[in-house]
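What follows is a single structure, written as structure tokens, with notes after it.
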């Protein structure tokens, strides 16, 4: 038995790939249009960890995607949590829970999927501007 | 960078462990009570794939957990989709989308998290009672 993916629905595939790939740092593994079902699937995964994927489902017929509390978040370990948060910021993503402790941060996808970043190994020493950055909203 | 887990919130930790471990077949990797935060965390993973986990968060103060359409499902590959569905049934879980094609099935957790099972490798030959079993509800 093996974990394959977590599927999330997205309202704008380009914006979501920009978030998950360019801002978060995942790699696009495959992308597939299914005209018969009127949807497009994109699978992304962390570099060097290609088998644990996130599946983006883009339905061609518009739908509104709200969140629910039964789903919490997706979590990834990163080599440098400050560099990861900086890259997210540089792509216009608000770091809702900044890594004040050098260990943990939260952001949200364009469709409000909560993403947790955890520093691999031990926490980094506190560093500005993160150490004094307040929380924004909820995650 | 590395995928760590998908977190879901659960209203009944014992019922959820019974679902994810006993019925679905994951293994309980760790379970940790955090009295200061009034929550308990349980991490489960597929046997032989311990690093891709599902995190169950049980908040001691009751909350109602509804679902949202932005989250789709968790997906696992299984060695024998018929055996996997039979075990789920034997634990009282309804197979909402039976594996009529020997390839794909869906169930839901006690908190309505959708779980996809996919036959590893090629699809199995169609087999009763699955081949003629209708869908139930949505997933």
Hey, among A:94, A:40, A:64, which residue is under 25 Å from residue A:2 (Cα atoms), over 10 Å from the mean Cα position of the chain (by Cα) and touching a residue at least 12 places away in the same chain (Cβ under 8 Å)? A:40
Check on residue B:67, on the phi > 0 side of the Ramachandran plot and within 12 Å of chain A (Cβ to nearest Cβ): no
Kindly indicate the residue of the range B:74-90 that is at the interface with chain A (Cβ under 8 Å from one of its Cβ atoms) and surrounded by fewer than 21 Cβ atoms within 10 Å (Cβ to Cβ) and also nearest to residue B:10 (Cα to Cα) among those meeting that condition. B:75
Within the set of pairs 6 or more residues apart or between chains, which connect a residue that is over 19 Å from residue A:115 (Cβ atoms) inside the range B:67-88 to a residue that is assigned to a helix (DSSP H, G or I) with Cβ atoms less than 8 Å apart? B:78/B:84; B:87/B:23; B:88/B:23
May I ask you to verify whether residue A:58 is within 12 Å of chain B (Cβ to nearest Cβ), in contact with a helix residue (DSSP H, G or I) (Cβ under 6 Å, 6 or more places away or on another chain) and not in a helix (DSSP H, G or I)? yes
Hey, residue A:32 surrounded by fewer than 16 Cβ atoms within 10 Å (Cβ to Cβ) and part of a loop (DSSP other than H, G, I, E, B) or not: no
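Applying the selection to the range A:112-136, what residues are touching a strand residue (DSSP E or B) at 6+ places or on another chain (Cβ under 9 Å) and exposed (fewer than 10 other Cβ atoms within 10 Å of the Cβ)? Give the derivation first.
Kept after step one, since they are touching a strand residue (DSSP E or B) at 6+ places or on another chain (Cβ under 9 Å), are these residues of the range A:112-136: A:113-121, A:123, A:130, A:135-136.
Once the filter is applied, which keeps residues that are touching a strand residue (DSSP E or B) at 6+ places or on another chain (Cβ under 9 Å) and exposed (fewer than 10 other Cβ atoms within 10 Å of the Cβ), the range A:112-136 yields only A:121.
Listed here are the residues, each with its yes/no results for (1) within 13 Å of another protein chain (Cβ to nearest Cβ); (2) closer than 21 Å to residue B:77 by Cβ; (3) out of contact with any helix residue (DSSP H, G or I) (no Cβ under 8 Å at 6 or more places or on another chain).
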residue: A:5; (1), (2), (3): yes, yes, yes
residue: A:9; (1), (2), (3): yes, no, yes
residue: A:12; (1), (2), (3): yes, no, yes
residue: A:16; (1), (2), (3): yes, no, yes
residue: A:30; (1), (2), (3): no, yes, yes
residue: A:33; (1), (2), (3): no, no, yes
residue: A:36; (1), (2), (3): no, no, yes
residue: A:41; (1), (2), (3): yes, yes, yes
residue: A:46; (1), (2), (3): yes, yes, yes
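Taken together, the values in this text are just the output of simple stated rules run on the coordinates, not laboratory data. Note that the coordinates shown come from a computational prediction; the quantities given were computed from them, not determined experimentally. Here Cβ is always computed from backbone atoms with ideal geometry, including for glycine, and neighbour counts include all displayed protein chains.
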